[in-house]
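Undergrad: Once you've had a glance at the structure underneath, I'll fire off some questions.
Every number here is computed from the coordinates shown, using simple stated rules; none is lab data. What you are looking at is a predicted structure, and each value in this text was computed from that prediction instead of being measured. No Cβ is skipped: glycine too gets one built from the backbone with ideal geometry, and neighbour counts run over all protein chains shown.
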Amino acid sequence: MLKKKTQIKALALGSAVSVAIASLVMLGGQTANAASTAGTYVFLPKSLNNPYWVDARKGMVDAAKKLGVKAQFLGPQNDDAAAQVKIFDTVLATHPLGIAVSPNDPASVISDIAKGVAAGVPIIAWDGPVPGSKVFGYIGTNNTQAGVTLGNEVAKGIGGSGNVAVIIGNLAAVNLKQRLDGVKKALAAFPNIKIVATQESHEAVADAQNASETILQAHPDLKAFIGIGGSDAPGISGALKSGNKCGKIQAYGFDVVPQGIAGMQGGCIQALLSQKPFGMTAQALQILKDFHDKKSKLMKPFNVDTGVVVVTPTTLADFLKTPH
């Protein structure tokens, strides 16, 4: 009788995990062969609709091949904190080898991080920090300093004066808020520069463009746009192009993604900051593997700054010669 009960429990658990995995696929994560995340390293990005994550995923795939491990890139289609938590829950049920998370809302993932770490799963914050959590550490951009760098580029480009507007993916995301704080810190040194509008894009290029078009109507005297997330500069570029404003109103932003590259080549974007997502994700996977193998030399909680690169129309071609 005991053996039969054990078998029934095992079947029930298998069904529960299967349903959870099916839910994960339906949420718009990895669409192909996400049969299970057991025995794999898992990256949980904020969303899949932000073009920034394309190079991030490529870095994971490349590193996984070199390290001889399995890795999956699973996220909601849009920047949806609740959907990201559901995916996190599902992944934890399969006890993966390690998890790297970039949270939409840091507070929403603190509980899952604690559960995973308690169960022996190495978990790190990647791309976006999770303050007050049990993560082993953070790898990614020093976002405040990156914001300062971008703010200085803007000030230099517009000659130290004029009205500017900000498009930001999500004000709840710690990394994006830190970048905005850095931008404001840099612009504070220029009293003749004023931020006249700030709107969220929800990490979507189309929303960034719509927000930019609305701002253009309200502020025809705008000198420049500042994009904080990876979808923002492409959306700004689209708005400037459709309004025949490329070159007349400047644009600055984060992440050298295909739409941003096209915008820069078309004269709509003056500078982009690359966070080097390919290399960041590749390094994150190595860190996870080292912790899983109990070979890591990093002290918890670690902080690895992967740096940024300012890309302009004159440096773009050279920058694109190698993966970043």
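Undergrad: Restrict the search to the range 251-302; then list the trypsin sites (Lys or Arg not before Pro) that DSSP places in a loop and that have at most 15 other Cβ atoms within 10 Å of their Cβ.
TA: Hits after loop and neighbour filter: LYS294, LYS295, LYS297.
Undergrad: Another question about this same structure. Anyone know which of ALA197, ALA81, ALA218 comes out most mobile in the 10 Å Cα GNM of the chain?
TA: So, out of ALA197, ALA81, ALA218, the one fluctuating most is ALA218.
Undergrad: Round to a whole angstrom and tell me the spacing of the C-alpha centers of the range 34-64 and the range 156-232.
TA: The range 34-64 and the range 156-232 have Cα centres separated by 28 Å.
Undergrad: Determine the calculated [θ] at 222 nm for the chain from helices alone, applying -39500 (n - 2.57) to every DSSP H run no shorter than 4 residues and normalising by the residue count; nearest 500 deg cm²/dmol.
TA: Rounded to the nearest 500, it is -14500 deg cm²/dmol.
Undergrad: Considering only the other residues whose Cβ falls under 10 Å of the Cβ of ASN175, what net charge follows from Lys and Arg at +1 and Asp and Glu at -1? Show your work: numbers first, answer last.
TA: On the way: positive: LYS46, LYS177, ARG179; negative: ASP127.
Charge balance in the 10 Å sphere: +2.
Undergrad: If a/c stays under 1.5 just call it rounded; otherwise compare a/b with b/c (prolate if a/b is bigger, oblate if not). Do that for the range 160-222, with a ≥ b ≥ c from the square roots of the Cα gyration tensor eigenvalues.
TA: It comes out oblate by the Cα gyration axes.
Undergrad: Still on this structure, I have one more. Give me the distance in nm between label points sitting 7 Å out from Cα along the Cα-to-Cβ direction at ALA317 and LEU171, one decimal.
TA: 4.3 nm
Undergrad: While we're looking at this one, here's another question. For Cα Rg over 2.2 N^0.38 Å, which listed value, (1) 1.46; (2) 0.89; (3) 1.06, comes from the coordinates shown?
TA: (3)
Undergrad: Hey, another quick one. Is the shape of the range 128-233 rounded, prolate or oblate, going by the alpha carbon gyration tensor and its root eigenvalues a ≥ b ≥ c, with a/c under 1.5 for rounded and a/b larger than b/c for prolate?
TA: Values: a/c = 2.69, a/b = 1.42, b/c = 1.89.
Since a/c reaches 1.5 but b/c is at least a/b, the shape of the range 128-233 is classed as oblate.
Undergrad: Of the residues ASP105, ASP290, ASP80, which exhibits the maximal mean-square fluctuation in a Gaussian network model of the chain defined by a 10 Å Cα contact cut-off?
TA: ASP290
Undergrad: Next up: Could you name the aspartates and glutamates whose alpha carbon sits less than 13 Å from that of LYS295, not counting residues in the same chain fewer than 8 places away?
TA: Cross-link targets: none qualify.
Undergrad: Positive end of the dipole of the chain, charges at C-beta (+1 Lys, Arg; -1 Asp, Glu), about the Cα centre: which of LEU298, SER212, GLN84 has its Cα farthest in that direction?
TA: LEU298
Undergrad: Within the set of other residues whose C-beta is less than 9 Å from the C-beta of ASN104, count the net charge using Lys and Arg as +1 and Asp and Glu as -1.
TA: Its environment carries a net charge of -3.
Undergrad: Then there's this: About its Cα centre, how strong a charge dipole does the chain have in debye, to the nearest 20, once Lys and Arg get +1 and Asp and Glu get -1 at the Cβ?
TA: Its charge dipole is roughly 1040 debye.
Undergrad: Let me ask you something else. With springs connecting C-alpha atoms under 10 Å apart, model the chain as a Gaussian network and identify which of ASN163, ASN104, ASN192 has the largest mean-square fluctuation.
TA: Greatest mean-square fluctuation among the candidates belongs to ASN192.
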